[in-house]
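The values are calculated or read from the model by the stated rules, or taken from the named source; none is laboratory data. Just so it is clear, the model here is predicted, and its values are computed rather than measured. In this analysis, Cβ positions are derived from the backbone assuming ideal geometry, glycine residues included, and neighbour counts consider all displayed protein chains. With ligands, DNA and RNA removed, areas are computed over all heavy atoms of the protein, side chains included. Shrake-Rupley method; radii C 1.70, N 1.55, O 1.52, S 1.80 Å.
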Amino acid sequence: MMDERAAWLTQGKGTTPGLRWSFSTEAPLLALDLARETGEILAADVSGGLYLLDRQGQFLHLNRGIKDVQLVHWSDRGKLGAAIYSDNNICCFDRDLNVLWAISFSVECLAITMDAYGDYLAVSLASGKTILIDSQKKKVASFETMRPLSYLEFQVTEPRLIGAAENGFLCCYDLEGNCIWTEKHWSNCGGISISGDGQRLYLAGFNYGILIFDHDGESAGTLIFEGTPKVLACDFSGNRIVSATIEQELYWLNQDGKLIWGGVIPDEAIEVACDPFGQWCVCGLKSGLVQCLDWSDSI
């Protein structure tokens, strides 16, 4: 008998995925991230719960000591994680979710990310400053941008940090705080995702679809489909993209924007993630339901 939590998958169009696993947080979901090498999922809910799951959706660790978590990031190798909490605080924690250190700022923190190895952490502030910190809490560099950055992501194969403002601004910096490129565009955005080699950068451009940029920040096309993309993620090669829309739909696409599968999701999506090989994705819903959708049998 089919799990009733998977019934919505059969109502979509295209190649129906299997349901690899489901997990529910104890309270509405706030944030979610995937460690691409270990397959582990880090999730946070409104009750203050911080959950770590393995690649099979099995519960590993729980921490209830970090209150008012807003954003989380889990390094690709599963070495360290980081979070923004209580508006203007960040912390770094280990694999057991034990807090190693914390920093308070005088202004609101907007975005946080770590490099694949967990050696560097970047946090952007509402003042327009972005700060790079190493895993030992030492400040490495800082820089100021034209607009406060709402989204940050490290490139895997080069020591580069990509940032995006909500209102039409992209930028790329090295780990010494030097600007490599900046790019203006005409869309607000809801999130960014970068292929492993940095050759394709995907941006959720709302009414403009998914905007694509190359390694140098130049426009490389647009993916247009039904719905207004809100959050998105791509696999390591950039050949598979998962996007959830404002209209509560989920789409699994190839690099040309061709629909592989699409369907209506049961609740508002908080975040999505994609495995490195483009075989499965994770969708976290506001209700606290986190599900892994698997296309590996159809590849």
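For the reader, a short list of remarks on this structure follows.
- Selected residue (criterion: modelled with the highest pLDDT) from residues of region 72-104 that are of a type in the set (Ser, Thr, Tyr) and surrounded by fewer than 19 Cβ atoms within 10 Å (Cβ to Cβ): Ser104
- All told, Leu250 falls short of being under 15 Å from Leu19 (Cα atoms), in contact with a Pro (Cβ under 7 Å, 6 or more places away or on another chain) and assigned to a strand (DSSP E or B).
- Counting only strands (runs of 3 or more DSSP E) that sit wholly inside region 1-75, those with at least 1 residues that are touching a Lys or Arg at 6+ places or on another chain (Cβ under 7 Å) are 18-24, 29-34.
- Single unsatisfied condition, Val107 versus (1) buried (at least 18 other Cβ atoms within 10 Å of the Cβ); (2) at pLDDT 95 or above; (3) of a type in the set (A, V, I, L, M): (1)
- Test: Arg36 is among the basic types (Lys, Arg) and closer than 30 Å to Lys184 by Cα: yes
- Number of positions in region 33-55 that are closer than 19 Å to Asp96 by Cβ and either hydrophobic (A, V, I, L, M, F, W, C) or open to solvent by 60 Å² or more (accessible area, probe 1.4 Å) (or both): 11
- Unique residue being without any contact (Cβ under 8 Å) to a residue 40 or more places away in the chain and over 24 Å from Leu9 (Cβ atoms) when the list is Glu226, Glu183: Glu183
- Strands (runs of 3 or more DSSP E) contained entirely in region 101-148, each with at least 3 residues that are in contact with a His (Cβ under 6 Å, 6 or more places away or on another chain) and under 21 Å from Ile66 (Cα atoms): 109-114
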